[in-house]
């Protein structure tokens, strides 16, 4: 598994859409806050706009997280940039939806990026190549993983770049797949199958429970030696992790 952060102990802390408790999700403020909190991995979502740009936004529409309306796939990036990504928090009125290039520019060399592919445009080889070209331009290829609930999107990326680790998010499979490098099972799966992480580690795979509010279960993730723990509140998770010894 190539997603490794030299000098950083496991488990790594993943910021789920940045610090999306303190700031509007997937905004510059959220990512900068997460980095200040000590996040090791920034997780964000990406859609493809009508003009082929990579917009870091979770939903297929701008309705929930901005002051605008419309489908991301039917808008240009310039259209989307006109909107405030304040998410009903007026103190963040100046925040905008970021491009993938902007997110990559924010992330320091000792931090990784987990990019969730949110649309079927990533089934297109050319779209995957353009995405990876931006990753390469930022020098982030060795600290980059693509994740998705959709295996076909992940396979499309790996068909273009076999060296890129792929991560599967699953709410239902109780055993790790042999053909991915990063597993993000819904957290009850680990409670129901206590051997899940061990089985993944035998294949050299990493495991991150899909659990953006992990505080009551952190002890379990340490016991199982999960590689990554995610949270919406990165400050609270860093404080909780600092009270525990690292496992690796």
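Each reported figure results from applying straightforward, stated rules to the coordinates on display, with no laboratory input. All values derive from a computational prediction rather than experimental measurement. Note: ideal-geometry Cβ built from the backbone for every residue, glycine included; neighbour counts use all protein chains shown.
Before anything else, pin down the relative contact order of the chain: Cα pairs under 8 Å, at least 6 apart, normalised by residue count, whole percent.
22 percent
Can you tell me the orientation of helix 28-37 relative to the chain, as the angle in degrees between its alpha-carbon axis and the longest Cα principal axis, to the nearest 10?
Around 30 degrees separate the two axes.
Averaging sequence separations of C-alpha pairs under 8 Å and six or more residues apart, then dividing by the length of the range 123-191, give the relative contact order as a whole percent. Don't skip to the end; give the middle numbers.
On the way: 83 pairs, mean separation 17.7, N = 69.
After rounding, I find 26 percent.
Alpha carbon centre of the range 69-104 versus the range 198-248: separation in Å?
Using only Cα atoms, the two centres lie 31 Å from each other.
Once you order the gyration tensor axes a ≥ b ≥ c over the Cα atoms, which shape class does the range 29-166 get: rounded for a/c under 1.5, otherwise prolate or oblate by comparing a/b with b/c? Write down the numbers at each step before the final one.
Numbers: a/c = 2.01, a/b = 1.23, b/c = 1.63.
Judged from the Cα gyration tensor, the range 29-166 comes out oblate (a/c at least 1.5, b/c at or above a/b).
Which angle from 0 to 90°, rounded to the nearest 10, does the C-alpha axis of helix 151-160 make with the longest principal axis of the chain?
Value to nearest ten degrees: 80.
Sorting check: for 37-43, 188-194, which peptide has the highest mean count of neighbouring beta carbons within 10 Å, and how do the rest follow? Show your work: numbers first, answer last.
Details: 37-43: 23.4, 188-194: 15.1.
Per-residue mean Cβ counts within 10 Å order the peptides as 37-43, 188-194.
With a Cα-only, solvent-free Debye model of the chain, what are the log10 I(q)/I(0) values at q = 0.10, 0.16, 0.17 Å⁻¹?
Cα-only, vacuum Debye calculation for the chain: -0.45, -1.18, -1.32.
For a quick check, take a GNM of the chain with Cα springs below 10 Å and name the residue from 237, 206, 151 with the largest mean-square fluctuation.
151
How high is the relative contact order of the range 12-143, given as a whole-number percent (alpha carbon pairs under 8 Å, six or more residues apart)? Please list the in-between numbers first.
On the way: 257 pairs, mean separation 31.3, N = 132.
Taking the mean separation of contacting Cα pairs over the length of the range 12-143, I get 24 percent.
Starting from the eigenvalues of the Cα gyration tensor, five times each then square-rooted, give me the equivalent ellipsoid semi-axes of the range 136-176, largest first, whole Å. Display every interim value, and only then the final one.
Values: eigenvalues 99, 24, 13 Å².
Calculated on Cα positions only, the semi-axes equal 22, 11, 8 Å.
Which whole-angstrom value gives the distance between the alpha carbon centres of the range 118-173 and the range 1-47?
18 Å
Give the calculated FRET efficiency between residue 73 and residue 244 to the nearest 0.05, with a Förster radius of 45 Å applied to their Cβ-Cβ distance.
Numbers: r = 43 Å, r/R0 = 0.95.
Using R0 = 45 Å, I get an efficiency of 0.60.
How tilted is helix 125-137 with respect to the longest principal axis of the chain? Cα atoms for both, answer in degrees (0 to 90, nearest 10).
80 degrees
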